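A.B. asks: What follows is a single structure, and I will ask about it in a moment.
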Amino acid sequence: EAKLAGKNRYHVFDAEQERSTRGRHQSVARLRRALLAGEFVLHYQPKVDMRSGRLIGAEALIRWQHPELGMLLPGAFLPEIEHHALAIDVGEWVIDTALAQIGAWAADGVVVPVSVNISAQHLQRVDFAERLQALLQAHPEVEPALLELEVLETSALEDMAHVSAVMKACARMGVGFALDDFGTGYSSLTYLKRLPVKVLKIDQSFVRDMLDDPEDLAILQGVLGLAVAFGRIALAEGVESAAHGERLLQLGCTQAQGYGIARPMPAAALPGWARAWTPPPQWAAGRILDAA
Ligand code: C2E
Ligand code: MG
Ligand code: MG
Ligand code: MG
């Protein structure tokens, strides 16, 4: 009897597997069509130096301008193509589009370093560095140092020696790296020690709760200490209020990104935003305190 149940279960599982495989084929086909139809867009979220109020860069974030459903966030469609070759094509489209945007802004007299999110799957391709080189060569007007690649600290990088070599090859071209969502994975310290990353992006969960949760504050302080010890830059993600920024400045963290500064916006809006934005007065107070 147990055997029969087992067999039935296997059968049910099989049918589900089959359904989800078919569903996946359909989403991959839909997303491939969307890519070809030019329905993906990049929005850009400013990163600032809270001390000076200067724009220090922008993070490119993909959106799908769906003809019926409207603007879709990456969480709604990127997982569908994870582990599929199409994810590489989308990743290359993102890098190419970001490079074109850096060039377009530069032509308008605005220099904006742009960071792009890169999946571990993409970064671990044997030809990643060569393909990046080709993309950079397609945009000779763009200084490679204006491109930064963000790699999730939670990503399971299988062959550290290989990934580290790829990242070093990219770094030689001038491209920088950041560890994204730093502190949320199991490999923070190993990655920090072994990978040539300039920037640690402190995950927004620690930043969001640092004002009320002493443990999150302790983690945040720990990461800031690590950044100093390792000669890396710390950037706080998810700065949602002036109070968050003020506290971060007191802790010595000056680089930040978050809804309290600006939401991700279309490329055309960024230069105007950068001209108009001034930091909240509390941050200026922090500045005076700091100088004294
Ligand atoms: P991420 O790289 O950590 O990007 C930050 C995410 O947090 C963005 O969500 C951003 O809109 C959101 N965010 C920014 N400030 C705040 C804040 O103050 N509060 C809160 N609650 N959220 C804030 P988004 O655009 O939905 O992207 C989600 C994730 O999708 C990104 O997380 C990144 O891992 C991934 N992603 C986005 N674009 C791409 C892409 O082009 N390629 C790849 N591979 N992944 C991407
Ligand atoms: Mg990111
Ligand atoms: Mg992040
Ligand atoms: Mg994230």
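The values are calculated or read from the model by the stated rules, or taken from the named source; none is laboratory data. For clarity, every value in this text was computed on a predicted model and none was experimentally measured. Cβ: placed from backbone, ideal geometry, glycine included. Neighbour counts: every protein chain shown. Please note that ligands, DNA and RNA were not included when accessible areas were found on the heavy atoms of the full protein model with its side chains. Shrake-Rupley method; radii C 1.70, N 1.55, O 1.52, S 1.80 Å.
A.B. asks: Going residue by residue through the range 217-239, is there one that turns out to be open to solvent by less than 40 Å² (accessible area, probe 1.4 Å), over 18 Å from SER187 (Cα atoms) and more than 13 Å from ligand 1 (Cβ to nearest atom)?
C.D. replies: Yes, that holds for at least one residue.
A.B. asks: Considering GLN133, GLN101, GLN137, which residue is more than 16 Å from ligand 1 (Cβ to nearest atom), surrounded by 15 or more Cβ atoms within 10 Å (Cβ to Cβ) and among the polar types (S, T, N, Q)?
C.D. replies: Answer to the selection: GLN133.
A.B. asks: If you check GLU68 against the conditions, is it of a type in the set (D, E, K, R) and part of a helix (DSSP H, G or I)?
C.D. replies: no
A.B. asks: So is LEU189 within 21 Å of LEU179 (Cα to Cα), more than 16 Å from ligand 4 (Cβ to nearest atom) and either among the β-branched types (Val, Ile, Thr) or assigned to a helix (DSSP H, G or I) (or both) or not? Give the steps one after another, and end with the answer.
C.D. replies: Details: within 21 Å of LEU179 (Cα to Cα): yes; more than 16 Å from ligand 4 (Cβ to nearest atom): yes; either among the β-branched types (Val, Ile, Thr) or assigned to a helix (DSSP H, G or I) (or both): yes.
In short, yes.
A.B. asks: Looking at ALA156, ALA161, ALA106, ALA120, can you tell me which residue is among the small types (Gly, Ala, Ser) and at pLDDT 95 or above? It would help to see each step written out before you state the result.
C.D. replies: Numbers: ALA156 fails: at pLDDT 95 or above; ALA161 fails: at pLDDT 95 or above; ALA120 fails: at pLDDT 95 or above.
None of the others qualify; the one that does is ALA106.
A.B. asks: Of the numbered conditions (1) part of a helix (DSSP H, G or I); (2) modelled with pLDDT of 95 or more; (3) touching a strand residue (DSSP E or B) at 6+ places or on another chain (Cβ under 9 Å), GLN221 satisfies every one except a single condition; which is it?
C.D. replies: Failed condition: (3).
So that you can scan it fast, the table gives a plain yes or no per residue for (1) within 20 Å of SER52 (Cα to Cα); (2) polar (S, T, N, Q); (3) assigned to a helix (DSSP H, G or I):
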{"site": "SER205", "(1), (2), (3)": "no, yes, yes"}
{"site": "ASP212", "(1), (2), (3)": "no, no, no"}
{"site": "GLU215", "(1), (2), (3)": "no, no, yes"}
{"site": "ALA243", "(1), (2), (3)": "yes, no, yes"}
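A.B. asks: State yes or no: is LEU211 open to solvent by 70 Å² or more (accessible area, probe 1.4 Å) and touching a Lys or Arg at 6+ places or on another chain (Cβ under 7 Å)?
C.D. replies: yes
A.B. asks: Considering only the range 204-226, state which residues are in contact with a helix residue (DSSP H, G or I) (Cβ under 9 Å, 6 or more places away or on another chain) and within 16 Å of ligand 3 (Cβ to nearest atom).
C.D. replies: Once the filter is applied, which keeps residues that are in contact with a helix residue (DSSP H, G or I) (Cβ under 9 Å, 6 or more places away or on another chain) and within 16 Å of ligand 3 (Cβ to nearest atom), the range 204-226 yields SER205, PHE206, VAL207, ARG208, ASP209, MET210, ASP216, ILE219, LEU220, VAL223.
A.B. asks: Kindly evaluate TYR191 against the criterion of being of a type in the set (Phe, Trp, Tyr) and open to solvent by 20 Å² or more (accessible area, probe 1.4 Å).
C.D. replies: No; evaluated as a whole, the condition is false for this residue.
A.B. asks: Find all pairs meeting these conditions: Cβ atoms under 9 angstrom apart; at least six residues apart or on different chains; first residue within the range 152-166 and in contact (Cβ under 8 Å) with a residue 12 or more places away in the chain and over 18 Å from GLY183 (Cα atoms); second residue part of a strand (DSSP E or B) and within 16 Å of ligand 4 (Cβ to nearest atom).
C.D. replies: VAL163/VAL151
A.B. asks: Residues that are in a helix (DSSP H, G or I), of a type in the set (Val, Ile, Thr), modelled with pLDDT under 95 and open to solvent by 50 Å² or more (accessible area, probe 1.4 Å): does the range 256-279 have at least one?
C.D. replies: Restricting attention to the range 256-279, the residues satisfying the condition of being in a helix (DSSP H, G or I) are 267-276.
Next, from what is left, pick out any that are of a type in the set (Val, Ile, Thr): none.
Within the range 256-279, not a single residue is in a helix (DSSP H, G or I), of a type in the set (Val, Ile, Thr), modelled with pLDDT under 95 and open to solvent by 50 Å² or more (accessible area, probe 1.4 Å).
A.B. asks: Considering every residue within the range 181-193, establish whether at least one is of a type in the set (Ser, Thr, Tyr), within 16 Å of ligand 3 (Cβ to nearest atom), touching a Gly at 6+ places or on another chain (Cβ under 9 Å) and without any contact (Cβ under 8 Å) to a residue 40 or more places away in the chain.
C.D. replies: Filtering the range 181-193 for residues of a type in the set (Ser, Thr, Tyr) gives 184, 186-188, 190-191.
Within this subset, residues satisfying the condition of being within 16 Å of ligand 3 (Cβ to nearest atom) are 184, 187-188, 191.
Cutting the leftovers down to touching a Gly at 6+ places or on another chain (Cβ under 9 Å) gives us 191.
Still in the list and also without any contact (Cβ under 8 Å) to a residue 40 or more places away in the chain: 191.
Among the residues of the range 181-193, at least one is of a type in the set (Ser, Thr, Tyr), within 16 Å of ligand 3 (Cβ to nearest atom), touching a Gly at 6+ places or on another chain (Cβ under 9 Å) and without any contact (Cβ under 8 Å) to a residue 40 or more places away in the chain, which makes the answer yes.
A.B. asks: Now a separate question. Mind listing just one residue for me: the one in the range 121-151 that is in contact (Cβ under 8 Å) with a residue 40 or more places away in the chain and part of a helix (DSSP H, G or I) and, of those, farthest from ligand 4 (Cβ to nearest atom)?
C.D. replies: GLN133
A.B. asks: State whether one or more residues within the range 79-86 are over 28 Å from LYS168 (Cβ atoms) and either in contact with a strand residue (DSSP E or B) (Cβ under 7 Å, 6 or more places away or on another chain) or of a type in the set (Lys, Arg) (or both).
C.D. replies: no
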